[in-house]
Amino acid sequence: MNQKNKIMEIYGLWFADLVTIGISFILSTYLRFGNFRDMGDKAIHFQVCLLFLLFCTVYTFFLDWNRNFLKRSMLKEIKAVVQYHIVMLLVVQTVMYFLQWAEPFSRFVMGLFMVLNVVFTLSVHLAVKQGLRLHYQSDLSQIKVLVITQQEMALQVVARLKESLDVNYRLVGVACPENPGTMSGEVGGVPLVPMTERFIEDMTLKALDEVFLYVPDLKQKQVQRILEGFDEMGVDCHYCLELPGTYSDRGMMDSFGNYSVITYTRFQSSYKRLLIKRVMDIAGGLVGMLITVLFLPFVAIAIKLDSPGPVLFSQTRIGRNGRRFQIYKFRSMYIDAEERKKELEKQNEVQGLMFKMENDPRITKVGKFIRKTSIDELPQFFNVLKGDMSLVGTRPPTEDEFEKYNQYYRRRISMTPGLTGLWQVSGRSEIDNFDDVVKYDLQYIDGWSLTLDVKILLRTVWVVFAGKGSK
């Protein structure tokens, strides 16, 4: 979909969602009180409505929840709308609690509002979706596209474009450089267009809006001639820079210096989501540091009475893409732990580049307790505030581990390491193979989302309070 239509769609849905919130709120208030005079504290009442409107705006433009609006099925639309309202309720209720608005506000109005708004929002979304689909399917609204590609890859290109393009795009022809005019028929239901010497001139008589070129084996002079011909006609051209056989979902157009490039990356996410993740890290880091300061006197005394040595332990770890940083923990081992590690290597219970021993003699008595309760990791909130680590991420390896990495292992540090992660909440005490740790880390990287981070954080709280910390 072109940018103009996309902007209209996003802003249109945002405005529709704001209207449904207003209607639902007014209707639920009237059904509860029968008028707008006996609602108690009117200021608080309508300030809650403003909270809902503000949440809708932030959720729409920062989380971009309607980006695949037209492609969502009925079931996915229901799921998206319900999820939107669950998050709305949790966020607004939390703000109301801290502002002390929860007590004077009617619980009946809140419950009725949520039910009505779910129904209204879903109904409006389905109606808008049906209307947009009908509009985009009309001949005037459709964007007619000619595909120019090589014969051996034509069927694959057509199938991929049909699957990925929005409903307002229509493929009107496929032209192959190998087809000088003798070939006819269809490719994936799209008619073949002969590429004769008068190809460009013939195209001037066709209803055509855009051209997609994917011809990696064609000489640059031939490509230039095609681009110049369509440019003179005023037809937009999309020239694909992908190499056959590469991972298409990892490539994106970018600039490097003054050059236009296609960048291949496994980790693709919008700046908005990464910004929200960092804001969550800062907020969580501040709360974590406060908790650390509260625990510090008691933990420090216990560590000092238990064994000689510093209260805090620091070690060089490997961060995102090989960056070194100092990680901080409450000391849970004797001060000669690193030297004694070489003697215990044969008793390692984990296969691969990671050391774990259930009854590790290097761990102090206090150390066993603070590791079991994960108290030893509290100082890492300082690393989170600095930006060396995130609340959720992958496990940061030691320098010794990193020096033995292969290419497959190396990818697990392509993201900022975390205080907790997927493998930590997936039975970390039972994992006995380093490859399983890598598998969980890569699963997290490939499937990262803000929702996944929140789920891992909630599961981490359960793991800690259930006493399932590190052995």
Can you name the residue in the stretch 350-366 that is at pLDDT 85 or above and either assigned to a loop (DSSP other than H, G, I, E, B) or within 36 Å of the chain's Cα centre (by Cα) (or both) and is also farthest from Asp435 (Cα to Cα) among such residues? Thr364
Cβ contacts < 7 Å: first residue farther than 11 Å from Phe105 by Cβ, restricted to the stretch 36-56; second residue among the charged types (D, E, K, R) and in a helix (DSSP H, G or I), any location; separation 6+ or different chain. Result? Cys56/Asp17
Checked Asp217, Asp209, Asp202 against criteria (in contact (Cβ under 8 Å) with a residue 40 or more places away in the chain, open to solvent by 50 Å² or more (accessible area, probe 1.4 Å), over 23 Å from Ser141 (Cβ atoms) and of a type in the set (Asp, Glu)); the one match is Asp217
Among the residues of the stretch 400-455, the number that are open to solvent by 70 Å² or more (accessible area, probe 1.4 Å) and under 21 Å from Arg278 (Cβ atoms) is 2
Any chance the stretch 151-167 includes a residue that's within 30 Å of Asp17 (Cα to Cα), touching a helix residue (DSSP H, G or I) at 6+ places or on another chain (Cβ under 9 Å) and not polar (S, T, N, Q)? yes
Considering residues that are crowded, with 18+ Cβ neighbours inside 10 Å and either more than 21 Å from Met289 (Cβ to Cβ) or charged (D, E, K, R) (or both), the number found within the stretch 307-333 is 6
Give the number of residues within the stretch 30-60 that are touching a Ser or Thr at 6+ places or on another chain (Cβ under 9 Å), surrounded by 16 or more Cβ atoms within 10 Å (Cβ to Cβ), at pLDDT below 90 and not aromatic (Phe, Trp, Tyr). 3
Of the conditions (1) open to solvent by 90 Å² or more (accessible area, probe 1.4 Å); (2) part of a loop (DSSP other than H, G, I, E, B); (3) within 30 Å of Met39 (Cα to Cα), Arg67 fails just one. Which one is it? (3)
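Residue-by-condition table, conditions (1) in a helix (DSSP H, G or I); (2) within 40 Å of the chain's Cα centre (by Cα); (3) closer than 27 Å to Gln137 by Cα; (4) at pLDDT 85 or above:
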| residue | (1), (2), (3), (4) |
| --- | --- |
| Glu178 | no, no, no, no |
| Thr196 | no, no, no, no |
| Arg225 | yes, no, no, yes |
| Leu241 | no, yes, no, no |
In the stretch 137-161, the residues that are at pLDDT 85 or above, more than 19 Å from Val215 (Cβ to Cβ) and not in a strand (DSSP E or B): none
Yes or no: Phe113 surrounded by 13 or more Cβ atoms within 10 Å (Cβ to Cβ) and part of a helix (DSSP H, G or I)? yes
Do we find that Leu126 is under 30 Å from the mean Cα position of the chain (by Cα), surrounded by fewer than 17 Cβ atoms within 10 Å (Cβ to Cβ), of a type in the set (A, V, I, L, M, F, W, C) and outside any loop (DSSP other than H, G, I, E, B) in this structure? yes
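The values are calculated or read from the model by the stated rules, or taken from the named source; none is laboratory data. Please read all numbers here as calculations on a predicted model, not as lab measurements. Positions of Cβ are generated from backbone atoms using ideal geometry, with glycine treated the same way; all protein chains shown enter the neighbour counts. The protein model used for the area step is the full one, side chains on, heavy atoms only, and it has no ligands, DNA or RNA in it. Shrake-Rupley method; radii C 1.70, N 1.55, O 1.52, S 1.80 Å.
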